[in-house]
Amino acid sequence: MTASAPPQQATSWALYRRLLRYVRPYWRVFAVAVVGMILCAGADYTMAKLVGPLIQNFQQPEPGMMIKLPLMIAGVFLLRGAGTFVSDYGMAWVGHRVVFDLRSAMARHLLRLPTHYYDDQSAGILISRLTHDAQQIASASSTAITAVIRNGLSMLAMMVFLLQTNWRLTLILIVTMPVIAGVLRYFSRRLRRSARNVQTAIGALTHVLEEMVSGNRIVKIFGGQVYETRRVVDAANKLRHVASKQSLASAASNPLTQFIASIAVGFIIYIALGQSLDGRLTAPEFVAYVTALLTLLEKSRGLSGVNANLQRGLAAAESVFGLLDIPGENDRGTEVLGRARGELCFDEVSLQYEADARPALDNVSLTIAPGETVALVGPSGGGKTSLINLLPRFYTPSAGRISIDGHDLQEVTLESLRANLAMVSQDVVLFNDTVAANIAYGGMSDASRADIERAAQAAHALDFILAMPQGFDTLVGEAGIKLSGGQRQRIAIARAILKNAPILILDEATSALDSDAERAVQAALDSLMRNRTTIVIAHRLSTIESADRIAVLERGHLVELGTHTELLAREGLYARLYRIQFAGA
């Protein structure tokens, strides 16, 4: 098992080209928004055209123009306002849709990623990608693009007007553009780097906060308030530091580009004044030219100001697409497995995690007959959990072969494989939903209320569920916080009972129960396990004495296999562990 290589940083154009694929379904709204921007640019051009006649009318008043010019100016502003509304709302709508589609794609992809990816990632960073990074893309795909296109079109319209009015003067401005472009390019790189650092810092802060909130009880019991506060302060301070660097680059780029442009503008005005003295440039032409020039300068300032948002969005796009490019679970299986009989065969199976020096499993061979109950016991770190994690293909063996009813696990589709498995873990996972929704979870969501109630009754959970304020419709809270440990465990058992899978995995399924509840649930489990292939992980050896066979794992090796009586007679590791527990009792 190897971790995925980090994605290479893409160019700005490559990122935008990929973003445009998400915009393409909404091209009609996008086109309408662009039409609004064209209206804005046309209004700016028309306004520049009206300046000359307006000045001319002051010098030589014409009665007919006294009404015509104000109406034309009002019409231009009305046109510009309509264009601004259409472009702003249209691009914002498209941006929100793109972000929604990206978040949906990330959520779907996260659920397809292999288990070892989650082993190497913090929840805070993943949450930050789905929330903060995706929102930053909205700036790149709506606000920034709107400013770039609208200001760009207006600058183009002003440039056309300037060339029409006095092309010689305008050439001076054109000469300065490569210099401005070079400055923008330099600061764009700085801003992109800063944006990446900010995203990393936000992910780290989110991770620390997520741990602090979810572990608040442990923090309070063990007096970790000062330590956790220091972690949050350190993460927040790092975010402040990198955000300040980003603000520095953003604040410096705008004045510098404006200063370079102002030098060109000042030189142009100087020459224009000289031409007006010589009579080569009339007063209306001069005022119109300077007005258009200043408008052009204002639009360029808007472009340089939006550069920071643009680079933040592009850095966020790198992060989001980097996540989407990570390969999902390897589901190359083509065989669709029906309801399995439940025969399992581990043939010389080995497993080595990337970060570990020694293998978690080393050449383990074990065959489990249909309907047989096999218990896995042994010291911590022996490989029990690793072995059962291979069955749903959470991990892929480094060597060896696993088969189910003679079918190689790697050749079976993941969906049909996992449909034949039910699991009850010692770490019960409940969602902030109703009791009924937690029992009839996922593929069982269409189960009838009668089936849900029967499963709860079989798990000895019906009495406490009916005693709740809304019964099966009671919300259990985040991670089932409103329930006791034993209640959570029984709801998880009811979920497994409802699935009615032929292969059952019990990982310390009764560990959170008191003695009375354990006896009741164990009776339910005995009924559930009948005629099913069951693998049980248990540390309390008294709970698995009746298993058909017991497999003893130590340091990744299968060291003993037999019934409870046989293993006690061998006086090996199992007998030693059993005596230790019995003595402790």
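Could you tell me which numbered condition ILE145 fails, if it satisfies all but one of (1) open to solvent by less than 10 Å² (accessible area, probe 1.4 Å); (2) in a helix (DSSP H, G or I)?
The single condition ILE145 does not satisfy is (1).
Return yes when ILE402 is at pLDDT 85 or above, over 30 Å from ILE580 (Cα atoms) and crowded, with 16+ Cβ neighbours inside 10 Å and no when it is not.
So ILE402 fits the description; yes.
Which residue out of ASP331, ASP362, ASP347 is assigned to a loop (DSSP other than H, G, I, E, B) and open to solvent by 10 Å² or more (accessible area, probe 1.4 Å)?
Of the residues listed, the single one that is assigned to a loop (DSSP other than H, G, I, E, B) and open to solvent by 10 Å² or more (accessible area, probe 1.4 Å) is ASP331.
From ALA450, ALA467, grab the single residue that is at pLDDT 85 or above, over 29 Å from THR533 (Cα atoms) and out of contact with any helix residue (DSSP H, G or I) (no Cβ under 7 Å at 6 or more places or on another chain).
The match here is ALA467.
Is there any pair with a first residue in the stretch 266-278 that is farther than 11 Å from TYR289 by Cβ and free of Cβ contacts under 8 Å to residues at least 40 places away in the same chain and a second that is open to solvent by 100 Å² or more (accessible area, probe 1.4 Å) and outside any helix (DSSP H, G or I) whose Cβ atoms are under 9 Å apart and which are 6 or more apart or on different chains, and what are they?
GLY274/ARG280
Please determine, by comparing only the residues of the stretch 468-494 that are aliphatic (A, V, I, L, M) and more than 28 Å from the chain's Cα centre (by Cα), which one is farthest from LEU430 (Cα to Cα).
Applying the filter and picking the extreme gives MET468.
Hey, does the stretch 307-325 have a residue that's open to solvent by 10 Å² or more (accessible area, probe 1.4 Å), part of a strand (DSSP E or B) and either of a type in the set (Lys, Arg) or at pLDDT 80 or above (or both)?
Checked against the condition, which is being open to solvent by 10 Å² or more (accessible area, probe 1.4 Å), part of a strand (DSSP E or B) and either of a type in the set (Lys, Arg) or at pLDDT 80 or above (or both), the stretch 307-325 yields no hits at all.
Name the residue that is nearest to ASP331 (Cα to Cα), counting only residues in the stretch 113-143 that are charged (D, E, K, R) and within 12 Å of the chain's Cα centre (by Cα).
Among those that are charged (D, E, K, R) and within 12 Å of the chain's Cα centre (by Cα), it is ARG129.
Tell me which of these ILE465 doesn't satisfy, since it passes every other one: (1) open to solvent by less than 10 Å² (accessible area, probe 1.4 Å); (2) in contact with a Lys or Arg (Cβ under 8 Å, 6 or more places away or on another chain).
In the conditions (1) open to solvent by less than 10 Å² (accessible area, probe 1.4 Å); (2) in contact with a Lys or Arg (Cβ under 8 Å, 6 or more places away or on another chain), ILE465 misses (2) alone.
Would you confirm whether or not the stretch 242-253 contains a residue that is part of a helix (DSSP H, G or I), crowded, with 17+ Cβ neighbours inside 10 Å, at pLDDT below 75 and within 24 Å of the chain's Cα centre (by Cα)?
Within the stretch 242-253, one or more residues are part of a helix (DSSP H, G or I), crowded, with 17+ Cβ neighbours inside 10 Å, at pLDDT below 75 and within 24 Å of the chain's Cα centre (by Cα).
Per-residue answers, yes or no, for (1) modelled with pLDDT under 80; (2) over 30 Å from ALA283 (Cβ atoms); (3) of a type in the set (Gly, Ala, Ser):
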position	(1), (2), (3)
ILE174	yes, no, no
ARG192	yes, yes, no
GLN199	yes, yes, no
GLU211	yes, yes, no
ARG217	yes, yes, no
PHE222	yes, yes, no
ARG230	no, yes, no
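Output the number of residues of the stretch 367-399 satisfying the condition of being touching a Lys or Arg at 6+ places or on another chain (Cβ under 6 Å), buried (at least 22 other Cβ atoms within 10 Å of the Cβ) and closer than 20 Å to PRO114 by Cβ.
Here the count works out to 0.
So which of ALA575, ALA551, ALA569, ALA523 ends up being at pLDDT 85 or above, of a type outside the set (Val, Ile, Thr) and open to solvent by 50 Å² or more (accessible area, probe 1.4 Å)?
Answer to the check: ALA569.
Check off (1) small (Gly, Ala, Ser); (2) in contact with a strand residue (DSSP E or B) (Cβ under 6 Å, 6 or more places away or on another chain); (3) closer than 16 Å to ARG332 by Cβ for SER416 and give me the number that stays unchecked.
(2)
The values are calculated or read from the model by the stated rules, or taken from the named source; none is laboratory data. In this text the structure is predicted, and so the values were computed from the model without any measurement. Glycine also receives a Cβ, built like all others from the backbone with ideal geometry; neighbour counts cover every protein chain displayed. Side chains are part of the model used for accessible areas, which takes the heavy atoms of the whole protein and leaves out ligands, DNA and RNA. Shrake-Rupley method; radii C 1.70, N 1.55, O 1.52, S 1.80 Å.
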